[in-house]
Amino acid sequence: MDEHKENIQGKDVNVKMSEETEDEKTKPCSRIRPDEETAPQTSQPNRDFSHPVYKEISLANGHINRMSKDELRIKLAELKLDTRGVKDVMKKRLKNYYKKQKLVQSAAEGGPTDTYYDYICVVDFEATCEEDNPSDFLHEIIEFPMVLINTHTLQIVDTFQAYVKPEVNPQLSDFCMKLTGITQQTVDEADPFPEVLHKVVEWLQERELGTKYKYAILTDGAWDMSKFLNIQCRISRIRYPQFAKKWINIRKAYCNFYKVPRTQTKLSTMLEKLGMKYEGRPHSGLDDSRNIARIAIRMLQDGCQLRVNERMHGGQLLSVPSSAPVEGAPPPRNPGNRE
């Protein structure tokens, strides 16, 4: 629901959202804004940037900055790296290749290194919608997809998909069916949301996420968790699940990593800038999730350390500061009922 999410982003539907000005939307993403929550946070250990490895990385970066697009492409080809994408993307790819090489060597010698989650779980809901959504329209989740990325092999290793029977507006609009490709019969025969969420929790538990393996949820924007899931839990009279309270907003990570404006972080634009094309049917939750996963994998290949950058607290969307420790999502549990 990429473009449709853009249309509903500014509407207040049972969740407080942090505001941004129009000017901010056209500027490169700022570093994550600090929270205003008073709860204590564990600070991340300070890295010793005086270590010689960082001087070597800095010198390599300076050399790469002076390279032309053709020189970058030739060098990437020599290293058997992807040569697709605009100049800034190729430059970032080459810089991070050298950075990773240096840090791997440094780690072997007991020096600085980077840390990744073991798995990243991509989620992109499809929800009920109208062509012109009324301000009080309640978007109900009708497709719950998940795509699991192994960050060590940089491959999609598993998927989950379930359709959901809406409760408030059980009849899908013609616009919604055309947009998502989900039929009325499909949702009529689907389970209600609490039962689908139970299946999701079982699926995550079977893969030992949050117990044996460190993982994080990743979404295309803030809406999936802060709006759709938040609203759905209220409708279904269940508490918001703990494992979904923090996530990676790939749009925010993308524009911070590649230094581009927020206007260049739509799914189709990110794919294009990375030299890829959309695969599958747009607005299919599972296909959207697969394509978002492809972007995440490319970013990891380019050296981006994807990490949690947004969270829910007290029904409000907050940013997670870059100084916060890299934490995985908690073990998945079924949420209790609302009192």
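Would a scan of the range 258-278 turn up a residue that is at pLDDT 95 or above, surrounded by 23 or more Cβ atoms within 10 Å (Cβ to Cβ) and touching a Ser or Thr at 6+ places or on another chain (Cβ under 9 Å)? Checked against the condition, which is being at pLDDT 95 or above, surrounded by 23 or more Cβ atoms within 10 Å (Cβ to Cβ) and touching a Ser or Thr at 6+ places or on another chain (Cβ under 9 Å), the range 258-278 yields no hits at all. Could you list, in sequence order, all residues of the range 65-81 that are charged (D, E, K, R) and either crowded, with 18+ Cβ neighbours inside 10 Å or touching a helix residue (DSSP H, G or I) at 6+ places or on another chain (Cβ under 7 Å) (or both)? If the condition is that a residue be charged (D, E, K, R) and either crowded, with 18+ Cβ neighbours inside 10 Å or touching a helix residue (DSSP H, G or I) at 6+ places or on another chain (Cβ under 7 Å) (or both), then Lys69, Arg73, Lys75 are the ones that fit.
Confirm whether Thr211 is under 27 Å from Ala324 (Cβ atoms) and either modelled with pLDDT of 95 or more or of a type in the set (Phe, Trp, Tyr) (or both). Yes. Does Phe193 count as under 20 Å from Cys233 (Cα atoms) and at pLDDT 95 or above? In short, yes. Within the range 114-143, being closer than 30 Å to Met299 by Cα, modelled with pLDDT of 95 or more and open to solvent by less than 10 Å² (accessible area, probe 1.4 Å) holds for Ile120, Cys121, Val122, Val123, Asp124, Phe125, Glu126, Ala127, Ile141, Ile142, Glu143.
Would you please name the residue that is modelled with the lowest pLDDT, looking only at residues in the range 148-177 that are part of a loop (DSSP other than H, G, I, E, B) and in contact with a strand residue (DSSP E or B) (Cβ under 8 Å, 6 or more places away or on another chain)? Here the answer is Thr151. In the range 289-339, the qualifying residues are those that are crowded, with 18+ Cβ neighbours inside 10 Å and among the charged types (D, E, K, R), and the one that is farthest from Glu195 (Cα to Cα) is Asp302. Per the conditions (1) without any contact (Cβ under 8 Å) to a residue 12 or more places away in the chain; (2) in contact with a helix residue (DSSP H, G or I) (Cβ under 8 Å, 6 or more places away or on another chain); (3) assigned to a helix (DSSP H, G or I), the sole criterion not satisfied by Asp287 is (2). Here Arg251 passes the criteria (1) modelled with pLDDT of 95 or more; (2) more than 16 Å from Ile295 (Cα to Cα) except the one numbered (2). The set of residues in the range 299-318 that are at positive phi and in contact with a strand residue (DSSP E or B) (Cβ under 7 Å, 6 or more places away or on another chain) contains only Gly315. Answer yes or no: is there a residue in the range 319-331 that is in contact with a Gly (Cβ under 8 Å, 6 or more places away or on another chain), at pLDDT 95 or above, assigned to a loop (DSSP other than H, G, I, E, B) and closer than 21 Å to Ala127 by Cα. There is no residue in the range 319-331 that is in contact with a Gly (Cβ under 8 Å, 6 or more places away or on another chain), at pLDDT 95 or above, assigned to a loop (DSSP other than H, G, I, E, B) and closer than 21 Å to Ala127 by Cα.
The values are calculated or read from the model by the stated rules, or taken from the named source; none is laboratory data. The model shown is predicted, which means the values in this text are computed figures rather than measured ones. So basically every Cβ, Gly included, is an ideal-geometry build from the backbone, and we count neighbours across all protein chains shown. Accessible surface areas use protein heavy atoms only, side chains included; no ligands, DNA or RNA. Shrake-Rupley method; radii C 1.70, N 1.55, O 1.52, S 1.80 Å.
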